[in-house]
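Data block below; observations after.
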Amino acid sequence: MSEKIYVGVDVGGTAIKVGICNQEGELLQTYEGPTETAKGTDVILQNIAQYAKNIVEESSYNWEQVEGVGVGIAGFLDIPRGYVKFAPNLKIRDVNLKDYLEDTLQVKVLVNNDANVAALGEAWAGAGKGIDNCVCYTLGTGVGGGIIIGGKIVEGFAGMAGELGHIAIVPDLEAIQCGCGKMGCLETVSSATGIIRMAKDAVERGDRTTLSLVENIMAKDVIDAAKAGDEVAARIVNRAAYYLGRSMAVMAVVLNPECFIIGGGVSKAGDFLFDQIREVFEKYTQNEAKDGVKIVAATLGNNAGVVGAAGLILRA
Ligand SMILES: [Zn+2]
């Protein structure tokens, strides 16, 4: 068997997920093991290498077929060097992950941040399959982002391109402080955290809403209430959609992507949310920059990370 394969590693705070992809981005095999974050940097690095070895050894493929290993990791990176400056959820600082893995595995290794890698996964083999230019949003605890132009990740000068959650878009009078320290970032209103905060504020203000009966409000509660006709909840979801749409209108004239892909927990709201985003996008985007542009849901779910990590090797 001489088929080329690509190994992807998605390093999370609790689990490390590894996958084998073929040239088309099909996920052929997966393997998952604990990160063991509490045991410290050396153990985490050994686990990454070990799980990559395990998946190849347990498969019907061999190391001669492996074109390389791609790694997606959340944190501040020096991407070209594969150097992890700081990964807060793993408590890793100042480690050259690329060098360590290349020494240990004796194959080419590329490292990139988790949001970029997930975007590449969707662009390569998910909702953006066959599309070279797309912008991806992940609506979760924060708003993650990744930009793919000409089939490749846009990294920028300091690896900070595609940080869509930190587009400062909420006007000062309405802005609150973001986790990054700045005011009015997109993720303060369009993430699950932002939606929950706006709902709790409304309840505390005494607004008439069914959400006042919910004990521990989750983003899904707000979306469900909005779908059921609760006006306060509907305003909150609309605000989240509004700023997403406005940010896309900006991206459209800056990059003119063919497709916006939206993933993450909040995206499960489906067309109820997407239709509102599309309406705002329609209204604010210059005509030629919006013609034929699609806004679609991500399709790979939790596999976007491993698939995209494998794709790093092919799309480098
Ligand atoms: Zn921010």
### Task
Please give the per residue volume of the convex hull enclosing the alpha carbon atoms of segment 108-199, rounded to a whole number of Å³.
115 Å³
### Task
Express in whole angstrom the spacing between the alpha-carbon centres of segment 201-272 and segment 13-28.
31 Å
### Query
Which order results if 247, 60 are arranged by neighbouring Cβ count within 10 Å, fewest first?
60, 247
### Task
Note the full-extension length gain between residue 85 and residue 256 as 0.36 nm times their separation in residues minus their Cα-Cα distance, in nm to one decimal.
58.4 nm
### Query
Got a sec? Which residues in segment 93-114 would a label at residue 53 touch, if it sits 7 Å along Cα→Cβ and we count backbone N under 14 Å?
101-107
### Task
Could I have the simple spin-label model distance between residue 36 and residue 227, label points 7 Å from Cα toward Cβ, reported in nm to one decimal?
4.2 nm
### Query
What number, rounded to the nearest 500 deg cm²/dmol, is the helix-based mean residue ellipticity at 222 nm of the chain, given -39500 (n - 2.57) per DSSP H run of at least four residues and division by all its residues?
-12000 deg cm²/dmol
### Query
Any idea what angle helix 231-255 forms with the longest principal axis of the chain, computed on alpha-carbon atoms, 0 to 90 degrees, nearest 10?
50 degrees
### Query
Which percent of the Cα-Cα distances in segment 130-298 go past 20 Å?
50 percent
## Note on the structure
In degrees, nearest 10, the alpha-carbon axis of helix 41-58 is tilted away from the dominant principal axis of the alpha carbons of the chain by 70 degrees
### Query
If you count the DSSP beta bridges with both ends in the chain, what percent of them are antiparallel, to the nearest 5?
60 percent
### Query
Going by alpha carbons, how many degrees (0 to 90, nearest 10) lie between the helix axis of 271-284 and the longest principal axis of the chain?
80 degrees
#### Entry: Peptides ranked, highest mean first, by Cβ atoms within 10 Å: ranges 257-270, 118-131
118-131, 257-270
### Stokes-Einstein D (µm²/s) once Rh is taken as the Kirkwood radius of the chain over alpha-carbon pairs, at 4 °C in 1.567 mPa s
64 µm²/s
### Burial ordering of 6, 61, fewest other beta-carbon atoms within 10 Å first
61, 6
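Rule-based calculations on the coordinates, nothing more; no lab input. None of these values were measured; they are calculated from a predicted model. For neighbour counting, all protein chains shown are included, and Cβ atoms are generated from backbone atoms with ideal geometry for every residue, glycine included.
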